[in-house]
Amino acid sequence: MLVIGIDPSLSCTGWGIVAKSGSRLSHVANGQVRTDPRAPLPERLVHLERELTDVILAHRPDQGAVEEVFVNTNAQSTLKLGQARGVCLLALARAGLPVSEYATRLVKKAIVGTGGAEKAQVQAMLKVLLPGVRLAGADAADALAVAIAHVHGARG
């Protein structure tokens, strides 16, 4: 089973793909999709959808998992994040994948054992769970964590 995890963002969306075979978990790929902050919002959303669709077509995952929106104090930022997240959900659904959604705290708990874990703790644990993994960046690491939480049966 191949699972793609996505950490949505308008500026830099992370994606990560893991394979599960029996009880064995392995890294397949990870990366980040950056959008141009000077481009109009619709163009940024189209770019995000195209890039994610290319990743999905290249790797053909069986399932998708997306991190839920983190609500900030800035309503405008939260709305933009929600729009990017919607594009991520659309790309997965359009590919015919079943999609699960996970809260950040649940993902951290599934990976580190505590929902209040720091990003550095999550990244360190990823290197234990996926020996030799080369992370494309913090957002890609978060996306791999979402995929692993899904594989481990986290319930959102």
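Each value in this text was obtained by applying a stated rule to the coordinates, not by laboratory testing. Treat the numbers as computed from the prediction; the structure is a model and nothing was measured. Cβ: placed from backbone, ideal geometry, glycine included. Neighbour counts: every protein chain shown.
Remarks
- Enumeration of residues in region 6-37 that are among the small types (Gly, Ala, Ser) and out of contact with any Phe, Trp or Tyr (no Cβ under 7 Å at 6 or more places or on another chain): Ser9, Ser11, Gly14, Gly16, Ala19, Ser21, Gly22, Ser23, Ser26, Ala29
- Subset of region 81-92 (residues that are over 13 Å from the mean Cα position of the chain (by Cα), farther than 17 Å from Asp36 by Cα and either in contact (Cβ under 8 Å) with a residue 24 or more places away in the chain or surrounded by 19 or more Cβ atoms within 10 Å (Cβ to Cβ) (or both)): Leu90
- Take the conditions (1) touching a residue at least 60 places away in the same chain (Cβ under 8 Å); (2) in contact with a Gly (Cβ under 6 Å, 6 or more places away or on another chain); Arg105 misses just one of them, which is (1).
- Pairs with Cβ under 6 Å, 6+ apart, first in region 19-46 and within 26 Å of Pro131 (Cα to Cα), second part of a helix (DSSP H, G or I) and not basic (Lys, Arg): Lys20/Val151; Asn30/Ala140; Asn30/Leu144; Gly31/Ala140; Gln32/Asp139; Gln32/Ala140; Val33/Leu48; Val33/Glu51
- Scanning region 110-156 for residues being polar (S, T, N, Q), surrounded by 15 or more Cβ atoms within 10 Å (Cβ to Cβ) and over 14 Å from the mean Cα position of the chain (by Cα) gives a total of 1.
- Comparison of Arg60, Arg50 shows that the only residue that is over 25 Å from Gly153 (Cβ atoms) and among the basic types (Lys, Arg) is Arg50.
- Residue satisfying all of: in region 29-80; of a type in the set (D, E, K, R) and assigned to a loop (DSSP other than H, G, I, E, B); surrounded by the most Cβ atoms within 10 Å (Cβ to Cβ) among these: Glu68
- Residue within region 114-134 that is assigned to a strand (DSSP E or B) and of a type outside the set (S, T, N, Q) present: no
- If the condition is being buried (at least 20 other Cβ atoms within 10 Å of the Cβ) and over 13 Å from the mean Cα position of the chain (by Cα), then region 14-28 contributes only His27.
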